[in-house]
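Worksheet for the structure shown next.
The values are calculated or read from the model by the stated rules, or taken from the named source; none is laboratory data. Nothing here was measured: the structure is a model prediction, and the numbers come from that model. Because the Cβ atoms are built from the backbone with ideal geometry, glycine has one as well, and the counts that use them run over all protein chains shown.
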């Protein structure tokens, strides 16, 4: 039996098979809703069930706390319909214009700016084009059926391939390979583009860009894209790490700020050791934003990195700084450990 899904308040309708999640059905029919991990760990696809019944599926409690469930919230990447549904969710206009594709790719370059971060430059087949929006991600399809997700760190440019920033997670199936056995010219298989984390170009509001660790990757792609398009919206880039080496491309961010008077770069370290030569900001990176901008009601925020940072920023910015909930866009970098709870 096929179920009818209605999005509110737009009234947009699409069909969902009993063995599909709501998100799978939507993407299959080029209806793009906010989403990130697609496996119940990040909470980006949270929506309100207005009518009907769902099997909520398996998800991480952090992504959908009990207080949200009481209010009728569901995660669209996990929820399977048990009847026709009415769901309050925002469709992303125009986001379905770029088809999700599977294709082989080749590792062209492996660089390691610091010991635990690798920058991969991936070349696609000459007769294939991967259309994407800066900030989206791809998934590598591993031979054992597992998947690993990485954000594209460059603005879309077919001739340039794609750039990925990968942090070593010791014991991780894929990252151990990247930092151990991977060689240039290795062939991989990917699927993309995925995710709803990309720049909303219809707005002229100033932007807070908030990154922790390799969460800088999609932020880099967005800023490069904005520069290519000669956008002049003020951008305040806050990049946080434990130690200075975690800000592995800080010189690039400083150059953006030096060359463009609408871009401001604020590096923040949370674990500066006594005697370390660091004259910059310290503490949690999202709190640095709050120290500088007590009122965020006139901003958009793009946050990417560790789930704990993204969750804290979403909560504090909306509850304490007046940021509208629909002006916060995020991509939580969930690991295999996050998915296992």
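Here are some notes:
- Subset of the range 51-67 [within 19 Å of residue 7 (Cα to Cα) and surrounded by 15 or more Cβ atoms within 10 Å (Cβ to Cβ)]: 52, 54, 56
- For the range 1-36, filtered to residues that are part of a helix (DSSP H, G or I) and in contact with a strand residue (DSSP E or B) (Cβ under 7 Å, 6 or more places away or on another chain), the residue that is farthest from residue 330 (Cα to Cα) is 25.
- Being over 19 Å from the mean Cα position of the chain (by Cα), under 20 Å from residue 17 (Cα atoms) and either buried (at least 17 other Cβ atoms within 10 Å of the Cβ) or modelled with pLDDT of 95 or more (or both) is true of residue 81.
- Subset of the range 303-315 [in a helix (DSSP H, G or I) and farther than 25 Å from residue 204 by Cβ]: 307, 308, 309, 311, 312, 315
- Residue list for the range 211-237, restricted to those being over 18 Å from residue 166 (Cα atoms) and in contact with a helix residue (DSSP H, G or I) (Cβ under 8 Å, 6 or more places away or on another chain): 223, 227, 233, 235, 236, 237
- For residue 234, the conditions (1) at negative phi; (2) in contact (Cβ under 8 Å) with a residue 40 or more places away in the chain are fulfilled apart from (2).
- Residues in the range 250-302 that are assigned to a loop (DSSP other than H, G, I, E, B) and touching a residue at least 40 places away in the same chain (Cβ under 8 Å): 284, 293, 296, 298, 299.
- Qualifying residue in the range 217-233 (condition: at pLDDT 95 or above, in the same structural domain as residue 334 (by TED's automatic domain parsing), surrounded by fewer than 21 Cβ atoms within 10 Å (Cβ to Cβ) and touching a strand residue (DSSP E or B) at 6+ places or on another chain (Cβ under 7 Å)): yes
- When 9, 99, 104 are checked against the criterion of being exposed (fewer than 15 other Cβ atoms within 10 Å of the Cβ), within 22 Å of residue 133 (Cα to Cα) and over 21 Å from the mean Cα position of the chain (by Cα), 104 stands alone in meeting it.
- Any hit, the range 216-228, residues being touching a residue at least 12 places away in the same chain (Cβ under 8 Å), over 17 Å from residue 151 (Cβ atoms) and assigned to a loop (DSSP other than H, G, I, E, B): no
- Set side by side, the residues 275, 305 differ, and just one is within 28 Å of residue 35 (Cβ to Cβ) and either at pLDDT below 95 or not assigned by TED's automatic domain parsing to the domain that holds residue 168 (or both), which is 305.
- Strands (runs of 3 or more DSSP E) lying entirely in the range 37-117 (those with 3 or more residues that are assigned by TED's automatic domain parsing to the domain that holds residue 186 and touching a residue at least 24 places away in the same chain (Cβ under 8 Å)): 101-114
- One residue from 275, 298, 322, 280 being over 26 Å from residue 202 (Cα atoms) and out of contact with any strand residue (DSSP E or B) (no Cβ under 8 Å at 6 or more places or on another chain): 275
- Check on residue 300, surrounded by 17 or more Cβ atoms within 10 Å (Cβ to Cβ), farther than 28 Å from residue 116 by Cβ and modelled with pLDDT of 95 or more: yes
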